[in-house]
Amino acid sequence: MFLLKTVKALQRHLDEVRATGDAVGFVPTMGALHEGHSALIQHSIDEGLHTLVSIYVNPAQFNDSEDLQKYPRNVGRDVELLHNLGCHVLFLPGDAEIYPKNDMTPIDLDLGNLETTLEGAFRPGHFEGVVRVMERLLKIVEPDYLFMGQKDLQQLIVVRRLIQEMGLKVQLEGLPIVREITGLALSSRNERLTKSQREKAVVIYATLHDIQTNFINYPLAELRTLAKTRVRSAGLKMEYFEFVNGHTLEILQEHQDGEDDIFAVIAVWCGEVRLIDNMKMEP
Ligand code: AMP
């Protein structure tokens, strides 16, 4: 595996790869890699793509400086994991490579409700930061394929919009959420949970699953109340629980005719750790 730290070195490498006719699959991450990341990387490798993983903890997308400071980092372990997976390139840039001259100017892209709803409402400026780094990374890498997780549903939709607006040819694929046996969605932030918090956090999946099972039988308002009550009674602090359209993220108040692309989305605090999850509501 090549470990490259500068844009120049990476682009030189990618030029050589493309000259051989190979296509590039890109998996952007913030490190502290787990099996959720591995699934994306393995998928790219299995597709026969020259697979590039980036690790960059993007300061621009953290609205909370403590969250940035406490974000888990373990590059040594990440390198080992990537090597064992058979990843072809790790891009490990410093801030100066991503934001030359400390340029943090926001990108001129109107995300409409995508920026202000759900995660956008609770993490002001977050998606501006996501768009900023993804625009830069996509321009640097120019991948043929981009693999991201459905775990961050809103981020996936935002990046899809960015790709459309930039007129890029890259194929974006959203891959399913990888969970622990308990159902807890894997997340780098789980590393910060204590054993008892981890046990409590299982209620998130259990609730989503029960809501999915009962989805067609009850009004959405009733399901929302049930979900919030259950999560709170397990000792977690609720930020939001909503039913949304999986393309537009429009919040749904009532069942609709022919509903097929509906997701329940949730954000909670488990102690000092913020966790998000979602599940498609199969009719
Ligand atoms: P992050 O390092 O948290 O920025 O995540 C990098 C990529 O991995 C994003 O596309 C995430 O959606 C994806 N990802 C994170 N956790 C999971 C998971 N449990 N299952 C699938 N994809 C995930």
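The values are calculated or read from the model by the stated rules, or taken from the named source; none is laboratory data. All figures in this text were calculated on a predicted structure; none of them were measured in a lab. Heads up, the Cβs are rebuilt from the backbone with ideal geometry, glycines too, and the neighbour counts pull from every protein chain shown. SASA here: full protein model, heavy atoms, side chains in, ligands and nucleic acids out. Shrake-Rupley method; radii C 1.70, N 1.55, O 1.52, S 1.80 Å.
Sparse packing (at most 16 other Cβ atoms within 10 Å of the Cβ) combined with a DSSP loop state is found for the following GluC sites (Glu not before Pro) in the range 1-100: GLU47. For the range 214-283, the normalised intensity computed at q = 0.14, 0.19, 0.26 Å⁻¹ comes to -0.43, -0.75, -1.22 (log10 of I(q)/I(0), Debye sum over alpha carbons, equal scatterers, no solvent). Summing Cβ point charges (Lys, Arg +1; Asp, Glu -1) relative to the Cα centre of the range 148-189 gives a dipole of roughly 40 debye. What you get for the range 112-227, charging only the Cβ of Lys and Arg (+1) and of Asp and Glu (-1), is a dipole of about 280 debye around the Cα centre.
Across the accessible surface of the range 1-94, with the other protein chains kept in place and a 1.4 Å probe, carbon and sulfur atoms take up 49 percent. Using a probe of 1.4 Å, the accessible surface attributed to VAL273 totals some 0 Å² when neighbouring protein chains are kept in position. The mean accessible area for residues of the range 112-261, using a 1.4 Å probe and ignoring ligands and nucleic acids, is 49 Å² per residue.
Other residues lying with their Cβ under 12 Å from the Cβ of ARG161 contribute a combined charge of -3, Lys and Arg counting +1, Asp and Glu -1.
The angle separating the long axis of helix 75-85 from the principal Cα axis of greatest extent in the chain is about 90 degrees. Of the GluC sites (Glu not before Pro) in the range 169-264, which ones lie in a loop per DSSP and count no more than 10 other C-beta atoms within 10 Å? In loop regions of the range 169-264 (DSSP not H, G, I, E or B), the sparsely surrounded GluC sites (Glu not before Pro) are GLU254.
When only the Cβ of Lys, Arg, Asp and Glu is charged (+1, +1, -1, -1), the dipole of the chain relative to its Cα centre reaches about 960 debye.
Can you give the helix-only mean residue ellipticity at 222 nm for the chain, where every DSSP H stretch with n ≥ 4 adds -39500 (n - 2.57) and the sum goes over all residues, rounded to the nearest 500 deg cm²/dmol? Before the final figure, lay out the partial values.
Numbers: 11 runs with 118 residues, N = 283.
Calculated mean residue ellipticity at 222 nm is -12500 deg cm²/dmol.
Could you tell me which of VAL265, THR248, ALA234 has its Cα farthest along the dipole of the range 231-283 towards the positive end, charges placed at Cβ (Lys, Arg +1; Asp, Glu -1), taken about the Cα centre? The residue sitting most towards the positive pole is ALA234.
When a/c is below 1.5 the answer is rounded, else prolate if a/b is larger than b/c, else oblate, so apply that to the range 53-192 with a ≥ b ≥ c taken from the square roots of the Cα gyration tensor eigenvalues. Please report the intermediate quantities before stating the final value.
Working: a/c = 1.27, a/b = 1.18, b/c = 1.08.
Verdict is rounded for the range 53-192.
Taking a ≥ b ≥ c as the square roots of the eigenvalues of the Cα gyration tensor, the range 1-100 is oblate, since a/c reaches 1.5 or more and a/b is not larger than b/c.
The heavy atoms of SER188 present about 10 square angstrom of accessible area, all protein chains included, probe 1.4 Å.
How tilted is helix 195-214 with respect to the longest principal axis of the chain? Cα atoms for both, answer in degrees (0 to 90, nearest 10). Roughly 70 degrees between the two axes.
For a 21 Å ceiling on Cα separation, which of these pairs sit above it: LYS151/LYS200; LYS169/LYS280; LYS70/LYS101; LYS195/LYS280? Spell out each step's value before the answer.
Working: LYS151/LYS200 19 Å; LYS169/LYS280 28 Å; LYS70/LYS101 26 Å; LYS195/LYS280 28 Å.
Among LYS151/LYS200; LYS169/LYS280; LYS70/LYS101; LYS195/LYS280, the Cα-Cα distance tops 21 Å for LYS169/LYS280; LYS70/LYS101; LYS195/LYS280.
For a test of the definition: using alpha carbon positions, the gyration tensor, and the 1.5 limit on a/c, classify the range 170-259 as rounded, prolate or oblate. Oblate is the answer for the range 170-259, as a/c is 1.5 or above yet b/c matches or exceeds a/b.
If you bin all the Cα-Cα distances of the chain at 5 Å, starting from zero, the percentages per bin are 1, 5, 12, 15, 18, 17, 13, 9, 5, 3, 1, 0. Helix 7-19 sits at what angle to the longest principal axis of the chain, using alpha carbons and giving 0 to 90 degrees rounded to 10? Taking the Cα atoms of the chain, the angle to 7-19 is about 80 degrees.
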